[in-house]
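The structure appears below as structure tokens.
The values are calculated or read from the model by the stated rules, or taken from the named source; none is laboratory data. As the structure is a computational prediction, the values presented were derived from the model and not from experiment. We place every Cβ from the backbone using ideal geometry, glycine too, and count neighbours over all the protein chains shown. Just the protein is used for accessible areas: all its heavy atoms, side chains included, with ligands, DNA and RNA removed. Shrake-Rupley method; radii C 1.70, N 1.55, O 1.52, S 1.80 Å.
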Amino acid sequence: MNPNIIYYEEEILNYTLGKNLFEKYKSLEWVRIENHNNIPELRNNQNCEFPRMKQHLIIGIRKTHKYVPNSKTSDFLVPYTSSGCSAMCLYCYLVCNYNKCSYLRIFVNREQMLSKLIKTSNQNDAELTYEIGSNSDLVLENTITNNLEWTIENFGKNERGYITLPTKFDMIDSLLNVKHKGRTIIRMSINPQEIITKVEFGTSALINRVKALNKLKEAGYKIGILIAPVILLENWETLYKELFSILSETLSQKVKSEVFFEIIFMTYSYVHRMINTEAFPNAINLYDKNIMTGRGRGKYCYKPIIRSQGEEFLRAEITRHFPENKIMYVV
Ligand code: SF4
């Protein structure tokens, strides 16, 4: 990411990371803000400004640290060192929460967040798993802050519990020599290349995500694959069939021997439709009224019958190519 402007809370300059970022981006314009959660001049922008706003970098202090219980591949969702993202996937879940202000926000009080994580982990009798990447893409953030390698190493030293994160990026080389102690699970989010090209603007190519997964496994990380979100374009069967053939041909034996799958079908919303229509007028329209239905408060999902067909197809493909590997859940 090459930010075009920085918005910052003054207090960040009391933190080492804040000072480092100030030095790193000193040639850019820095605009002081009261609160990273509310920047009126950005909130009032038109939807067509969305791509330009995605190049803004917001730096602040995270004030809320409440863990939310979870029951998929982790026990708790943990607010961590960033929220938002500079990529522009047309379905991004962050747009539901932050609307057009889903730009990348970095929080410099990382010591406070890691210390709570380690303390919570030590207090539990069981070794629990903490999802630290539910609000951003930490591999992308790491290219700016190095926070992820710092977190993996320091959490690993404590040797209690696990951290996990999903990513759509391949910039993982700086993680390969980190002493992770087997305490970090990295889940690569994957889609057919045609969908990446048409929908996941600014993310890594499929083949590079697969190579990254192979390297992470070689470096001893625990790994997973998210087929997410499953998007039922007109030719979806062909696309996902090809995807599983590519995975079967290019994933290493080590990955195949223990990778698990998660499958998440796309949900979409009225807010996405409004922003995408104005910000990306030439992009494909992900809303298809023939196969989607309302899901309360301006949200859409695939009709149950359509989704069942999709699930059956994907389960069959996984069983065909990866008979030994577990599907953790389908949602
Ligand atoms: S990479 Fe993830 S966080 Fe970033 S825009 Fe895409 S879905 Fe959103």
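Taking the condition of being within 19 Å of Leu57 (Cβ to Cβ) and of a type in the set (D, E, K, R), how many residues in the stretch 143-163 meet it? The qualifying residues number 0.
Can you tell me which residue is farthest from Leu314 (Cα to Cα) among those in the stretch 167-193 that are open to solvent by less than 10 Å² (accessible area, probe 1.4 Å) and either away from the ligand (no atom under 15 Å from the Cβ) or out of contact with any Ser or Thr (no Cβ under 8 Å at 6 or more places or on another chain) (or both)? So, considering only residues that are open to solvent by less than 10 Å² (accessible area, probe 1.4 Å) and either away from the ligand (no atom under 15 Å from the Cβ) or out of contact with any Ser or Thr (no Cβ under 8 Å at 6 or more places or on another chain) (or both), the one farthest from Leu314 (Cα to Cα) is Leu175.
Here is a yes/no grid of residues against (1) closer than 30 Å to Lys303 by Cβ; (2) away from the ligand (no atom under 16 Å from the Cβ); (3) of a type in the set (Asp, Glu); (4) outside any helix (DSSP H, G or I):
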residue	(1), (2), (3), (4)
Ile152	no, yes, no, no
Ile196	yes, no, no, no
Gly220	no, yes, no, yes
Ile223	no, yes, no, yes
Leu233	yes, yes, no, yes
Glu237	yes, yes, yes, no
Ser245	yes, yes, no, no
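Contact map, the stretch 200-214: residues that are in contact (Cβ under 8 Å) with a residue 24 or more places away in the chain paired with residues that are within 14 Å of the ligand (Cβ to nearest atom) and in a helix (DSSP H, G or I), Cβ distance under 6 Å, separation 6+ or inter-chain. Pairs shown: Leu206/Ile196. Scanning the stretch 48-72 for residues that are more than 16 Å from the ligand (Cβ to nearest atom) and touching a Lys or Arg at 6+ places or on another chain (Cβ under 8 Å) gives Glu49, Ile59, Gly60, His65.
Condition check for Glu111 on (1) in contact with a helix residue (DSSP H, G or I) (Cβ under 7 Å, 6 or more places away or on another chain); (2) assigned to a helix (DSSP H, G or I); (3) more than 16 Å from the ligand (Cβ to nearest atom): one failure, at (1).
Only one entry of Glu242, Glu258, Glu237 meets the criterion of being modelled with pLDDT under 95, farther than 27 Å from Phe50 by Cβ and open to solvent by 60 Å² or more (accessible area, probe 1.4 Å), and that entry is Glu258. Screening the stretch 265-275 for residues that are open to solvent by 10 Å² or more (accessible area, probe 1.4 Å) and under 19 Å from the mean Cα position of the chain (by Cα) and picking the one that is nearest to Ala228 (Cα to Cα) gives Phe265. Just give me the residues in the stretch 59-76 being closer than 15 Å to Gly133 by Cβ, of a type in the set (S, T, N, Q) and open to solvent by 40 Å² or more (accessible area, probe 1.4 Å), in sequence order. Matches in the stretch 59-76: Asn70 only.
All told, Tyr287 falls short of being modelled with pLDDT of 95 or more, of a type in the set (Phe, Trp, Tyr) and open to solvent by less than 10 Å² (accessible area, probe 1.4 Å). Every condition in (1) within 24 Å of Gln193 (Cβ to Cβ); (2) open to solvent by less than 40 Å² (accessible area, probe 1.4 Å) is met by Thr319 except one, and the failing one is (2).
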